[in-house]
1. With respect to Ser576, is the statement that it is assigned to a loop (DSSP other than H, G, I, E, B), surrounded by 18 or more Cβ atoms within 10 Å (Cβ to Cβ), modelled with pLDDT of 90 or more and of a type outside the set (Lys, Arg) true?
2. Could you go through the range 187-198 and let me know if any residue there is over 17 Å from Glu27 (Cα atoms) and either open to solvent by 70 Å² or more (accessible area, probe 1.4 Å) or assigned to a strand (DSSP E or B) (or both).
3. Look through the range 317-336, keep the residues that are open to solvent by 10 Å² or more (accessible area, probe 1.4 Å) and at pLDDT below 90, and return whichever of them is farthest from the ligand (Cβ to nearest atom).
4. Mind listing whichever residues of the range 54-89 are more than 26 Å from Leu234 (Cβ to Cβ) and either touching a residue at least 60 places away in the same chain (Cβ under 8 Å) or within 12 Å of the ligand (Cβ to nearest atom) (or both)?
5. Which of the residues spanning the range 404-424 are more than 24 Å from Gly365 (Cβ to Cβ) and either buried (at least 21 other Cβ atoms within 10 Å of the Cβ) or in contact (Cβ under 8 Å) with a residue 24 or more places away in the chain (or both)?
6. Hand me the list of helices (runs of 4 or more DSSP H) wholly inside the range 447-532 holding 2 or more residues that are β-branched (Val, Ile, Thr) and surrounded by 19 or more Cβ atoms within 10 Å (Cβ to Cβ).
7. Within the range 425-434, identify whether any single residue is within 16 Å of Phe472 (Cβ to Cβ) and touching a residue at least 40 places away in the same chain (Cβ under 8 Å), and answer yes or no.
8. Which one of these is closer than 23 Å to Ser308 by Cα and free of Cβ contacts under 8 Å to residues at least 24 places away in the same chain: Ser202, Ser196?
Amino acid sequence: MAQKKQYKAETKRLLDLMIHSIYTHKEIFLRELISNASDALDKIYHASLHNEVDIDRTKLQITLEIDEKARTLIIRDNGIGMTQAEIEDNLGVIAKSGSNTFKKGLNEEDQQSEIDIIGQFGVGFYSAFMVTDKVEVISQSAKGGDSVKFESEGEDGYRIEVIDKQPIGTTVKLHLKADDEGEHYSIYLENYHIKSLIKKYSDYIRYPIKMTETQKDYDDKGEVTGSKDVEITLNSMIPLWKRNKNDIKDEDYNSFYQDKFNDYQAPSKVIHTNLEGALSFDAMLFIPSHVPQAFYTQDYQAGLQLYSRGVFILDHAKDLLPDAFRFVRGLVDSPDLSLNISREMLQHDRQLKAIASRLEKKIKGELLGMLKTDREKYEAFYKNFGLQIKYGAYAQYGANKELLEDLILFGSSKELKMVSLEEYVERMKEDQKEIYYVCGDSLAKCDALPQTEWVKEKGFEILYLVDDVDEFILQVFGTYKEKPFKAINQGELNIGSDEEKKALLDKAEANKPLLESLKEALKDQVSDVRLSSRLKTHPVCLVSDEGLSLEMEKILSQMPEGAPGLKAKRILELNSDHPLISALSKISPDKVKDYAELLYSQALLIEGFTLEDPVRFSNQLAQLMIDASK
Ligand code: ADP
């Protein structure tokens, strides 16, 4: 006699949500039931290893049966099975493993978010109610006892009864709901759809998932001549990442990557790592060989796929990768992860944090290796994703400095090639205390700046910063290997000899009246006009005092919110060795203002600023030509 029982209150509420869920990933029910079957197979497998049951381990399998007419889908396993008490315990109440998390979700006020939580958690057996009117479970425990049948239509409880002896294992029979406007449940009766769901979610389950398929025979005219039933295995069972690395060919990795991550190009780097011990996981990571579409936008979905024992849990798990490495695609499989994990939980999962930190180190190590042994390849990689690494380095006030500082390349005055900070420091001059840099729109423009000439001639290398974010990175880093960064067009540049410094002071003294009058003429534009210690052949340049640089001022002023008041302190510098100085000392006082403005305008143009009044500049220049021709 079947006994009718009520579900516990908590279960009822959950079922209610399930059944009325508008959740779009109803298909995960299959993944959940297959995973349960796989767990049951694991259990009997282990029991047989310990001689607790006598079975043929090679026959362990999951079988799917579709009956279109009856609208049923059967998932059968010859696993450990359940006794009546176990069925009541396991299926009559919410699985203890997940119940806390459910409660948390159910307390949420927003109905929509509850549904989403359910969808992401996966809720094991109960997910069947998203697609069925009625679920039957028939089970025979390997431990003996009666065979039992459990039946439930959802909310109003379940019936349970003892039935005739069955083979060991569990059969879950789903009576699919009728199609309605919103949902086409019949898709779960279509072979090809079931096959694709198995491929998607359960391909790496380590037991065969079988289904009988009717295959038609055709004659040479394409006419059907007969048909036969064949049993096919739907899953590939052994995940690539579980295979011995020595047995995996480059083509295997490449086609796996291209298939799984929809890339038309092979990856530029494969990182396959297995870790055993207190923390165990397998990870297979790929660095694309080109920038994915929309990579540098909000639309790009970063993150790794997450598996537990070969069962797919979720896609785009972001917390496994630092933002600087968001270009990495791939997956992580860890036996220690619970299937019932949600995105929200990921952030708090200690296990995942530990995995993330391992991956971070691993990726860094691989990239550094590439930088040191295959420079060309690294530079190609850096061209694609260097900006992302740089954003990552700047983010959170340089919190990831240690992780990223050695992966960054900047342009360099040395042959206009790329240089890492490590390389720069290695070839620094013996007495050099600072790492020199200058900003500009391109390497060529940096190289042509009046200020770089003399520094280069003195034998110093200069970093050429061409991306907006570059200087901000150096600001947040502060130093590299205890060497401070120094803009060659900012503040004082202490690289001349004592004699040179002394000579400059003398010249400044001699030209005091000229410098004073220029300063007076430009008092609204610059804070000082002085002779330069950094110019070789060029007559004039603009520098900034310590603090905000001219480049930063430019970038900040371009931001939509603007940065009024944030201005670099500008200093106009003149080359004391340039014939211009003596020419200027001869001009009549009524020309000083125009000349001063002309000098300042030139310096602004060199620095890439636009002139506030270009027409005035043009007129002043024209007047100069007229004067010169007199
Ligand atoms: P979970 O798998 O997260 O524990 P479920 O609701 O899916 O939650 O299942 C509850 C329990 O029911 C499982 O832990 C397992 O003990 C039992 N169970 C479910 N399906 C099967 C099955 N096919 N064979 C044996 N036991 C099962």
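1. Details: assigned to a loop (DSSP other than H, G, I, E, B): yes; surrounded by 18 or more Cβ atoms within 10 Å (Cβ to Cβ): yes; modelled with pLDDT of 90 or more: yes; of a type outside the set (Lys, Arg): yes.
Criteria met by Ser576.
2. Just the residues of the range 187-198 that are over 17 Å from Glu27 (Cα atoms), to begin with: none.
Checking the range 187-198: not a single residue is over 17 Å from Glu27 (Cα atoms) and either open to solvent by 70 Å² or more (accessible area, probe 1.4 Å) or assigned to a strand (DSSP E or B) (or both).
3. Residues of the range 317-336 open to solvent by 10 Å² or more (accessible area, probe 1.4 Å): 318-319, 321-323, 326, 329, 335-336.
When the remaining residues are screened for being at pLDDT below 90, the result is 318-319, 335-336.
On the way: Lys318: 24, Asp319: 22, Pro335: 15, Asp336: 15 Å.
Only one residue tops the list, namely Lys318.
4. Start the filter on the range 54-89 by keeping residues that are more than 26 Å from Leu234 (Cβ to Cβ), which leaves 54, 83-89.
Across the range 54-89, the qualifying residues are Thr83, Gln84, Ala85, Glu86, Ile87, Glu88, Asp89.
5. Gly411, Ser412, Ser413, Lys414, Leu416
6. Numbers: elements: 450-457, 468-477, 498-510, 512-521.
Once the helices (runs of 4 or more DSSP H) in the range 447-532 are filtered for at least 2 residues that are β-branched (Val, Ile, Thr) and surrounded by 19 or more Cβ atoms within 10 Å (Cβ to Cβ), what remains is 450-457.
7. So in the range 425-434, the residues within 16 Å of Phe472 (Cβ to Cβ) come out as none.
Looking through the range 425-434, none of the residues is within 16 Å of Phe472 (Cβ to Cβ) and touching a residue at least 40 places away in the same chain (Cβ under 8 Å).
8. Working: Ser202 fails: free of Cβ contacts under 8 Å to residues at least 24 places away in the same chain.
It is Ser196.
The values are calculated or read from the model by the stated rules, or taken from the named source; none is laboratory data. Predicted, not measured: the structure shown is a model, and the values here were computed from it. Note that each Cβ is placed from the backbone with ideal geometry, even for glycine, and that neighbours are counted across all protein chains shown. The accessibility values were calculated without ligands, DNA or RNA, using every heavy atom of the protein model including side chains. Shrake-Rupley method; radii C 1.70, N 1.55, O 1.52, S 1.80 Å.
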